[in-house]
1. For the range 18-150, what is the Kirkwood hydrodynamic radius in Å, using each pair of distinct C-alpha atoms?
2. Thinking of the range 115-227 as a set of Cα atoms, what percent of all their pairs are more than 23 Å apart?
3. Points 7 angstrom from Cα along the Cβ direction at T128 and I2: gap in nanometres?
4. Given a Förster radius of 41 Å and the C-beta distance between N173 and A218 as r, what FRET efficiency does 1/(1 + (r/R0)^6) yield to the nearest 0.05?
5. If you take all C-alpha pairs in the chain, what percent of them are over 29 Å apart?
6. Against the empirical 2.2 N^0.38 Å scaling, what ratio does the C-alpha Rg of the range 1-88 come to?
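Please treat every number below as a calculation from the coordinates, not as lab data. Just so it is clear, the structure is predicted and the values come from calculations on it, not from any experiment. Positions of Cβ are generated from backbone atoms using ideal geometry, with glycine treated the same way; all protein chains shown enter the neighbour counts.
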Amino acid sequence: MILNAHDLTALAISVKLAAITVLLLLLIGTPLAWWLARTRCRFKFLLEAVFALPLVLPPTVLGFYLLMVLGPQGAMGKATEAIGGQPLAFTFSGLVIGSMVYSLPFVVQPLQSAFSALGSRPLEVAATLRASPIDRFLTVGVPLARSGFLTATVLGFAHTLGEFGVVLMIGGNIPGRTQVASIAIYDHVESLQYTQAHMLAGVMLLLSFLMLIVVYAANGRFNPGNL
């Protein structure tokens, strides 16, 4: 049995949401992770705790506060209305913002670990060749941390793909607009449509498993001991 049009749409929204979220998080998270890996700021642990908060905070709690911020009475909701836009709650754009907040540690932490593992030696050698800080980052740091980028991309994508609580709180359950695959599965189970739930859940399981295979295979290939 193949997925019906309703489930295909929900799956497409999930994939689109995960792809956009990961792309934006890589753009924002890469310089952030680089700074966290290189800084000697004594209060770095406070920032690390803030960025890691989504790992331990219940999704519904995070989703509730994001809904308050993005809704008509929230700061971002009022700001978007002031410039002629609509509140971001119950929109796809709101889902992207919420997913970025919730998946931030899954992107930043692997990148930070990869940058920290580089040590100072490669950067010092580049500095002796008169490479600027930006050149050292782009030509030394980023290429040597490629396994961290792969891990961050896959984990961020998979985590966003399967999210339920945050996206339900922010986006609701609007078919064709904010209904993602995880919510569609819940709807099927609630309606006792177990066959449809099995099919969609099986696709999600297969995608997640394949992404993890890519991470482990690539990290084994990039391991210096295997070169």
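1. That comes to 16.6 Å for the range 18-150.
2. 52
3. 6.2
4. Approximately 0.70, to the nearest 0.05.
5. Cα-Cα pairs in the chain separated by more than 29 Å: 37 percent.
6. Taking the Cα Rg and dividing by 2.2 N^0.38 Å, one obtains 1.48.
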